[in-house]
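Report on the structure given below.
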Amino acid sequence: MTTLIIAVGSPESNQRWADVFAQLAPKWQIVCWDQVGHTVEADFAVVWRPSIQLFKDQPRLQAIFNIGAGVDGIDFTQVPDSVPVYRVEDAGMAVQMAEYAVYGAMLATQRFMPYVDQQYDKKWEQQEPIYKTEWPVGVMGYGKIGEKVAQTLQLLGYPVSVWVRSERPSPDGMDLFFGSRSLPSFLEQSRILINVLPLTDETRGIVNNTLLAQLPPQSFFINMARGPHVVDEDLLAAIDHGHLSGALLDVFHVEPLPQDHPFWTHPAIHVTPHISGVSLREPTAQQIQAKIQLFLQNQPVSGLVERERMY
Ligand code: OXD
């Protein structure tokens, strides 16, 4: 019998995911790591930021499935090379992240914000319309999520450029920049900068003084990837010096964001609690179940994490 162990967070959360898998795959044994520890040896693990103890308790895993897109929460030094790790691909997350990016664009352009205050003051006043050509968007990262984010903003009429690690064909109607040499040209035309990069040794701290200084004046930054992409002090300084108009931040170095962190109270910074792309249980579990079926049939399984690249 196929045994699946769930280690995605709190006991309640593990149970909720276990219930969904039990419905989808009634013939499999589904166990929660918090309940069984090492007493049941599972074939597959479904994880989110797993403790390294999981890998000690579970020496017979054939593959690991991460319920999120980012795999930086997995300590790969603890996972034998023979055990492949797969990440979830989209499963409803990309469209949420596209919505979040649109929300950020609304904040950046002040398209609707003034009306909140106006309603409060019972004031009927139509603001000047915005011209999207004045708000070119730059998307850093172009996997499934970056693609949806970029396409959605393009559909709404924003000029969109994307920046990726290595050369590939340009998406329709967008400028594509690749590699560190083209980063300055990409930045100088990104008034709304959106980060959806994976967190790797190369991208940690990428949003720093040097990068921010290359954005056009009055730019806006949206981070929905990982906190450690950003040097917090540099972002605060760029906003305080008036070079950036503000930021929408969903991810942080430490989560929950510590109470005394200046982001909480900064008037130009909008903070959300890592909700830009939430893993939806049913579609995610369906995708993982389908991947496991393929794995069991020795078929190719998509979403394999390349360890050297960490995505
Ligand atoms: C993810 C996330 O990586 O939710 O999927 O942050």
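The values are calculated or read from the model by the stated rules, or taken from the named source; none is laboratory data. Since this is a predicted model, take the numbers as computed values, not measurements. Every residue, glycine as well, gets a Cβ built from its backbone with ideal geometry; the counts of neighbours run over all protein chains shown. Accessible surface is based on the protein model in full, side chains and every heavy atom, while ligands, DNA and RNA are left aside. Shrake-Rupley method; radii C 1.70, N 1.55, O 1.52, S 1.80 Å.
Cβ contacts < 7 Å: first residue assigned to a loop (DSSP other than H, G, I, E, B), restricted to region 249-262; second residue modelled with pLDDT of 95 or more and among the aromatic types (Phe, Trp, Tyr), any location; separation 6+ or different chain. Result?
ASP250/TYR100; LEU257/PHE263; LEU257/TRP264
Can you pull out the residues in region 42-70 that are over 26 Å from the mean Cα position of the chain (by Cα) and farther than 23 Å from GLN287 by Cα?
Scanning region 42-70 gives LYS56, ASP57, PRO59.
I'm checking my understanding of the structure. Among residues of region 206-232 that are crowded, with 21+ Cβ neighbours inside 10 Å and within 16 Å of the ligand (Cβ to nearest atom), which one is farthest from HIS253 (Cα to Cα)?
Per the criteria, the residue is ILE222.
Quick one: GLN118 ticks every box in (1) away from the ligand (no atom under 16 Å from the Cβ); (2) of a type in the set (S, T, N, Q); (3) within 19 Å of the chain's Cα centre (by Cα) except a single one, so which number is it?
(3)
Would a scan of region 26-41 turn up a residue that is assigned by TED's automatic domain parsing to the domain that holds ASP81, open to solvent by 30 Å² or more (accessible area, probe 1.4 Å) and touching a residue at least 40 places away in the same chain (Cβ under 8 Å)?
Scanning region 26-41, I find no residue that is assigned by TED's automatic domain parsing to the domain that holds ASP81, open to solvent by 30 Å² or more (accessible area, probe 1.4 Å) and touching a residue at least 40 places away in the same chain (Cβ under 8 Å), so the answer is no.
Identify, from the list ALA285, ALA268, the residue that is farther than 17 Å from VAL88 by Cβ and in contact (Cβ under 8 Å) with a residue 12 or more places away in the chain.
Working: ALA285 fails: farther than 17 Å from VAL88 by Cβ.
After ruling out the rest, the residue left standing is ALA268.
Quick check on region 275-296. Is at least one of its residues acidic (Asp, Glu), open to solvent by 30 Å² or more (accessible area, probe 1.4 Å) and closer than 30 Å to ALA42 by Cβ?
Of region 275-296, the ones acidic (Asp, Glu) are 282.
Okay, now just the ones that are also open to solvent by 30 Å² or more (accessible area, probe 1.4 Å), so 282.
Adding the requirement that they be closer than 30 Å to ALA42 by Cβ leaves 282.
Within region 275-296, one or more residues are acidic (Asp, Glu), open to solvent by 30 Å² or more (accessible area, probe 1.4 Å) and closer than 30 Å to ALA42 by Cβ.
Exactly one condition in (1) acidic (Asp, Glu); (2) surrounded by fewer than 18 Cβ atoms within 10 Å (Cβ to Cβ); (3) within 16 Å of the ligand (Cβ to nearest atom) is not met by GLU134; state its number.
Tallying (1) acidic (Asp, Glu); (2) surrounded by fewer than 18 Cβ atoms within 10 Å (Cβ to Cβ); (3) within 16 Å of the ligand (Cβ to nearest atom), GLU134 fails exactly one: (3).
Of the residues VAL102, VAL8, VAL20, which single one is within 15 Å of the ligand (Cβ to nearest atom), within 24 Å of the chain's Cα centre (by Cα) and modelled with pLDDT of 95 or more?
Values: VAL102 fails: within 15 Å of the ligand (Cβ to nearest atom); VAL20 fails: within 15 Å of the ligand (Cβ to nearest atom).
Matching residue, one of VAL102, VAL8, VAL20: VAL8.
Could you grab me the full set of residues in region 148-171 that are open to solvent by 70 Å² or more (accessible area, probe 1.4 Å) and under 23 Å from GLY92 (Cα atoms)?
Selection gives LYS148, GLN151, LEU155, LEU156.
Of the residues that make up region 297-310, is at least one in contact with a helix residue (DSSP H, G or I) (Cβ under 9 Å, 6 or more places away or on another chain) and closer than 30 Å to PHE220 by Cα? Give the derivation first.
Of all residues in region 297-310, those in contact with a helix residue (DSSP H, G or I) (Cβ under 9 Å, 6 or more places away or on another chain) come to 299-303, 305, 307, 310.
Keeping just the survivors that are closer than 30 Å to PHE220 by Cα gives 310.
Checking region 297-310: at least one residue is in contact with a helix residue (DSSP H, G or I) (Cβ under 9 Å, 6 or more places away or on another chain) and closer than 30 Å to PHE220 by Cα.
Just give me the residues in region 256-274 being within 23 Å of THR109 (Cβ to Cβ) and not polar (S, T, N, Q), in sequence order. It would help to see each step written out before you state the result.
Let us first name the residues in region 256-274 that are within 23 Å of THR109 (Cβ to Cβ), namely 263, 266-272.
Residues satisfying the conditions are PHE263, HIS266, PRO267, ALA268, ILE269, HIS270, VAL271.
Taking the residues in region 297-311 that are under 17 Å from the mean Cα position of the chain (by Cα) and modelled with pLDDT under 95 as candidates, determine which candidate is surrounded by the fewest Cβ atoms within 10 Å (Cβ to Cβ).
Per the criteria, the residue is ARG309.
Could you please find all residues in region 46-61 being within 15 Å of the ligand (Cβ to nearest atom) and either without any contact (Cβ under 8 Å) to a residue 60 or more places away in the chain or open to solvent by less than 10 Å² (accessible area, probe 1.4 Å) (or both)?
Restricting attention to region 46-61, the residues satisfying the condition of being within 15 Å of the ligand (Cβ to nearest atom) are 46-50.
Selection gives VAL46, VAL47, ARG49, PRO50.
Step by step: first the residues of region 62-105, then only those that are of a type in the set (Ser, Thr, Tyr) and outside the structural domain of GLU147 (by TED's automatic domain parsing), then the one that is least open to solvent (accessible area, probe 1.4 Å). Which residue is that? Walk me through how you get there before you give the answer.
As a first pass, look at region 62-105 and keep what is of a type in the set (Ser, Thr, Tyr): 77, 82, 86, 100, 103.
Of the ones still in play, those that are also outside the structural domain of GLU147 (by TED's automatic domain parsing) are 77, 82, 86.
Values: THR77: 115, SER82: 101, TYR86: 18 Å².
Filtering first and then ranking leaves TYR86.
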